[in-house]
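Novice: The structure follows.
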Amino acid sequence: MAQVARDLGCYRNYDMRRHTYHGIKTSYGLGAQAAQHVIKKVADAYTTLRANIKAGNYGRPGQQASPPNRDQPDPVSVGRGAAVRRADAVVAA
């Protein structure tokens, strides 16, 4: 799902739901609440990422803030619940 968000440039919860909800639900057999929870987690991770970049929490102290390396895994797929990892795999596949 994170790949779809980056490809389409939509990071808001509602926008991501329009593009990914039915795919997540049918591919993994998740219920409506679980599918929406996965989407919300991804949207929240991008909100946190934007806030951290704006606050200058990336890079060495005193340097101008720069976004994290895009070759690294998304903040959503590292250390989160299994439902989020599964949702990322659905859309990426």
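Novice: For a quick check of your reading of the model, give me the residue pairs whose first member lies in segment 41-54 and is in contact (Cβ under 8 Å) with a residue 24 or more places away in the chain, whose second is loosely packed, with under 13 Cβ neighbours inside 10 Å, with beta-carbon atoms closer than 7 Å and at least 6 apart or on different chains.
Specialist: That search, which allows pairs on different chains as well, returns Ala43/Arg12.
Novice: Additional query: Of the conditions (1) touching a helix residue (DSSP H, G or I) at 6+ places or on another chain (Cβ under 9 Å); (2) of a type outside the set (Lys, Arg); (3) free of Cβ contacts under 8 Å to residues at least 40 places away in the same chain, Leu30 satisfies every one except a single condition; which number is it?
Specialist: Of (1) touching a helix residue (DSSP H, G or I) at 6+ places or on another chain (Cβ under 9 Å); (2) of a type outside the set (Lys, Arg); (3) free of Cβ contacts under 8 Å to residues at least 40 places away in the same chain, only one is false for Leu30: (3).
Novice: What single numbered condition from (1) open to solvent by 80 Å² or more (accessible area, probe 1.4 Å); (2) modelled with pLDDT of 90 or more fails to hold for Val38?
Specialist: Result: Val38 fails condition (1) only.
Novice: Restricting attention to segment 1-12, which residues are open to solvent by 40 Å² or more (accessible area, probe 1.4 Å) and of a type outside the set (D, E, K, R)? Break it down stepwise before answering.
Specialist: The first filter runs over segment 1-12 and keeps only residues open to solvent by 40 Å² or more (accessible area, probe 1.4 Å), leaving 3, 6-9, 11-12.
Gln3, Leu8, Gly9, Tyr11, listed by residue number.
The values are calculated or read from the model by the stated rules, or taken from the named source; none is laboratory data. Since this is a predicted model, take the numbers as computed values, not measurements. Glycine also receives a Cβ, built like all others from the backbone with ideal geometry; neighbour counts cover every protein chain displayed. Each accessible area value is taken on the protein alone, full model and side chains, heavy atoms only, with ligands, DNA and RNA left out. Shrake-Rupley method; radii C 1.70, N 1.55, O 1.52, S 1.80 Å.
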